[in-house]
Amino acid sequence: MAQASGEQVQMQIKADEKELVGQYCNLVMFHHNAEEFTLHFIYAFPNVPQGKLVSSVIVSPAHAKRIMRALGENISRYEAQFGPIREVPEPNPAPNVGFVQ
């Protein structure tokens, strides 16, 4: 985080153990409108037509673009260090995913 003068300010971020441990997801659904992007992080159970919403994150369009750029830069650095990431093709046919209440 930078101030107008260019000097860096250290930001203190509080997190409980649950947030620090993190959650695994193997599916992300994106939705957007003129004002925001919504990312739904989901764990789709293997060999079962069922999944669980792990987390939802809502960001502005500008922040979504910064996330995309940062993720691309980090993937490039990762591949430079560890080699190309192998992409596994999606299962055929791709699952029809929707939310239930």
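Since every read-out is calculated from the coordinates, none of them should be taken as a lab result. This structure is a prediction, so every number in the text was calculated from the model and none was measured. Heads up, the Cβs are rebuilt from the backbone with ideal geometry, glycines too, and the neighbour counts pull from every protein chain shown.
For this structure, a couple of remarks:
- Degrees, to the nearest 10: 61-82 long Cα axis against longest axis of the chain: 80 degrees
- Sequence of I85, I67, I75, I13 once ranked by neighbouring C-beta atoms within 10 Å, starting from the fewest: I13, I85, I75, I67
- The loop-placed trypsin sites (Lys or Arg not before Pro) in region 11-52, going by DSSP, that have at most 15 neighbouring Cβ atoms within 10 Å of their Cβ come out as K14.
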